[in-house]
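Trainee: Here you go, one structure.
The values are calculated or read from the model by the stated rules, or taken from the named source; none is laboratory data. From a predicted model like this one, the values you see are computed outputs, not experimental measurements. Cβ: placed from backbone, ideal geometry, glycine included. Neighbour counts: every protein chain shown.
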Amino acid sequence: MVKVGVIGLGYWGPKLARNIHELPEAELAWVCDFSADRLAHVVSLYPGVRATGDYRELLASDVDAVVIATPVSTHHALAMEAVRAGKHVLVEKPLEVTVEGGLEMVDAAEQRNLLLQVDFHKRYDPYHIELQRMIADGKLGDPLYGYVHMEDRVEVPRDWFPHWANKSSPIWFLGVHFYDLIRWVMNSDGRSVFARGQKRKLVALGVDTYDSVQAQVEFMNGAVVTFDTSWILPEQFEAIVNQGLRLVGTEGMIEVDSQDRGARSCFARMGMQTHNLGFLRETTDRSHASTWLGYGIESIADFGENVAFLLAGGKLEQLAGRYPTGRDGLAVTKIACAVDQSLRSGAVVSIE
């Protein structure tokens, strides 16, 4: 049984704690947050879980692995300390906001032969897995160009994360998801970037960050993909996130509508909604106990299974190519940093 500790119980942390609690191969052993109320709530849900406001106490415990679900500005310091403590690490996206910091994290984990995994859960969506398989089989031919959009409703930066949204942007909160997905399905890293962005709505609401960013990324295989990201969709939009992609190659094209999966509802209090039941859905097992399914939990299960494999004597090199590594996270950070640099300079930026 893999003992796991979760650091950070803000918006996403409690969901990660629940997902870990669901895993047959893992035990939610510790949680850490500066808020006593958040800690008390999680402990009330999972009796026996130990709680602390000091991450150093968690790292000094007997946990085998640590999940970092804190603001990205803290990822580097926490991951480095976790690795020094000999823990396997899962970091929420993005890995880090600087190339230098990301490289330091990757090197530290590799030197200690520890797992450093990034929660790029879009790789676990069955629609995207099939897309990757079709491209690998050559059905698309040579990828030529594509288009990605990922857009959140305005309450995400305005209401969910008002204290740190001005330290982030659609690049880091949304773009990194699809920067990773496209480089994964095409098996190609980024070469250069040209980006533009707009600041109007959120600045007027008191949140000093970009409303939207458009980034054209040239990949090493010659394909050029445009990424449109924003987080200012009206509150009346039928889903919290609107997302999809289109890739065109020499032998065909592929489209995935990741928002409209065909499940809709309309209720007097909530209006029209669409539902992505592939991400997370609650169900019951054969004993009628509540359980959760979906690619939102499968990415966490993958981390648990990888750690269990290593604790049983497996080698990191045996897992090569089977999960989003720290080096994948570093490659995504390189793209995102180039997008940010192009946005500020107005020039094409080469990716190292």
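Trainee: Out of the residues in region 289-340 meeting the condition of being free of Cβ contacts under 8 Å to residues at least 12 places away in the same chain and assigned to a helix (DSSP H, G or I), tell me which one is surrounded by the most Cβ atoms within 10 Å (Cβ to Cβ).
Mentor: If we take residues in region 289-340 being free of Cβ contacts under 8 Å to residues at least 12 places away in the same chain and assigned to a helix (DSSP H, G or I), then 309 is surrounded by the most Cβ atoms within 10 Å (Cβ to Cβ).
Trainee: Let me ask something else. Looking only at region 65-85, which residues are of a type in the set (S, T, N, Q) and not in a loop (DSSP other than H, G, I, E, B)? Working first, answer last.
Mentor: Let us first name the residues in region 65-85 that are of a type in the set (S, T, N, Q), namely 70, 73-74.
Within region 65-85, 73, 74 meet the criteria.
Trainee: Also: From the list 240, 171, pick out the single residue that is buried (at least 20 other Cβ atoms within 10 Å of the Cβ) and not polar (S, T, N, Q). Don't jump to the end; show me each part of the working.
Mentor: On the way: 240 fails: buried (at least 20 other Cβ atoms within 10 Å of the Cβ).
One residue alone meets the criteria, 171.
Trainee: A further question on this structure: Would you pick out the residues in region 235-271 that are more than 18 Å from residue 131 (Cβ to Cβ), in contact with a Lys or Arg (Cβ under 7 Å, 6 or more places away or on another chain) and not β-branched (Val, Ile, Thr)? Outline the logic, then answer.
Mentor: Step one: of region 235-271, the residues more than 18 Å from residue 131 (Cβ to Cβ) are 235-242, 263-271.
The next check asks that each one be in contact with a Lys or Arg (Cβ under 7 Å, 6 or more places away or on another chain); those that pass are 235, 237, 240.
Residues satisfying the conditions are 235, 237.
Trainee: Still on this structure: Against the conditions (1) assigned by TED's automatic domain parsing to the domain that holds residue 177; (2) assigned to a strand (DSSP E or B), where does residue 279 fall short? Just the number, please.
Mentor: Residue 279 satisfies every listed condition except (2).
Trainee: I need a count of the residues in region 127-164 that are in a helix (DSSP H, G or I) and without any contact (Cβ under 8 Å) to a residue 60 or more places away in the chain. Outline the logic, then answer.
Mentor: In the first step, residues of region 127-164 are kept if they are in a helix (DSSP H, G or I); the result is 127-136, 155-160.
This time we only want the ones that are without any contact (Cβ under 8 Å) to a residue 60 or more places away in the chain, so: 129-130, 132-133, 136, 158-159.
Qualifying residue count, region 127-164: 7.
Trainee: Among the residues of region 93-100, is any acidic (Asp, Glu), in a helix (DSSP H, G or I), modelled with pLDDT under 95 and surrounded by fewer than 23 Cβ atoms within 10 Å (Cβ to Cβ)? Write out each step before concluding.
Mentor: Going through region 93-100, the residues acidic (Asp, Glu) turn out to be 96, 100.
With in a helix (DSSP H, G or I) added as a condition, the list becomes 100.
Still in the list and also modelled with pLDDT under 95: none.
The answer is no, given that none of the residues of region 93-100 is acidic (Asp, Glu), in a helix (DSSP H, G or I), modelled with pLDDT under 95 and surrounded by fewer than 23 Cβ atoms within 10 Å (Cβ to Cβ).
Trainee: Out of (1) loosely packed, with under 15 Cβ neighbours inside 10 Å; (2) in contact (Cβ under 8 Å) with a residue 24 or more places away in the chain; (3) within 21 Å of the chain's Cα centre (by Cα), what's the single condition that is false for residue 252?
Mentor: The one condition residue 252 does not meet is (3).
Trainee: If you scan region 280-308, which residues turn out to be within 30 Å of residue 116 (Cα to Cα) and either among the β-branched types (Val, Ile, Thr) or out of contact with any Lys or Arg (no Cβ under 9 Å at 6 or more places or on another chain) (or both)? Before you say what the answer is, go through the steps one by one.
Mentor: Pass one, region 280-308, residues within 30 Å of residue 116 (Cα to Cα): 280-282, 291-308.
Within region 280-308, 281, 282, 291, 297, 298, 300, 301, 303, 304, 305, 307, 308 qualify.
Trainee: Restricting to region 248-269, give me the number of residues that are assigned to a loop (DSSP other than H, G, I, E, B), hydroxyl-bearing (Ser, Thr, Tyr) and over 20 Å from residue 224 (Cα atoms).
Mentor: Number of matching residues: 1.
Trainee: Out of curiosity, is residue 43 more than 20 Å from the chain's Cα centre (by Cα) and under 24 Å from residue 19 (Cβ atoms)?
Mentor: Here the answer is yes, as residue 43 does meet what is asked.
Trainee: Going through 185, 193, 213, 203 one at a time, which residue ends up being β-branched (Val, Ile, Thr), part of a helix (DSSP H, G or I) and surrounded by 22 or more Cβ atoms within 10 Å (Cβ to Cβ)? Break it down stepwise before answering.
Mentor: Values: 193 fails: part of a helix (DSSP H, G or I); 213 fails: part of a helix (DSSP H, G or I); 203 fails: surrounded by 22 or more Cβ atoms within 10 Å (Cβ to Cβ).
Residue meeting the stated conditions: 185.
Trainee: What are the residues in region 1-34 that are among the hydroxyl-bearing types (Ser, Thr, Tyr) and modelled with pLDDT of 95 or more, if any? Steps first, answer last, please.
Mentor: Taking region 1-34 as the starting set, the residues that turn out to be among the hydroxyl-bearing types (Ser, Thr, Tyr) are 11.
Across region 1-34, there are no qualifying residues.
Trainee: How many residues are at pLDDT 95 or above and of a type in the set (Gly, Ala, Ser) when one looks only at region 142-167?
Mentor: Within region 142-167, residues that are at pLDDT 95 or above and of a type in the set (Gly, Ala, Ser) number 1.
Trainee: Are there any pairs with C-beta distances below 8 angstrom linking a residue in region 192-221 that is assigned by TED's automatic domain parsing to the domain that holds residue 157 to a residue that is aliphatic (A, V, I, L, M) and at pLDDT below 95, with the two at least 6 apart or on different chains, and if so which?
Mentor: Final answer for the pair search is 202/165; 207/165; 209/165.
Trainee: Sticking with this structure for a sec: State whether one or more residues within region 42-64 are crowded, with 17+ Cβ neighbours inside 10 Å, touching a residue at least 60 places away in the same chain (Cβ under 8 Å) and not in a loop (DSSP other than H, G, I, E, B).
Mentor: No, every residue in region 42-64 fails to be crowded, with 17+ Cβ neighbours inside 10 Å, touching a residue at least 60 places away in the same chain (Cβ under 8 Å) and not in a loop (DSSP other than H, G, I, E, B).
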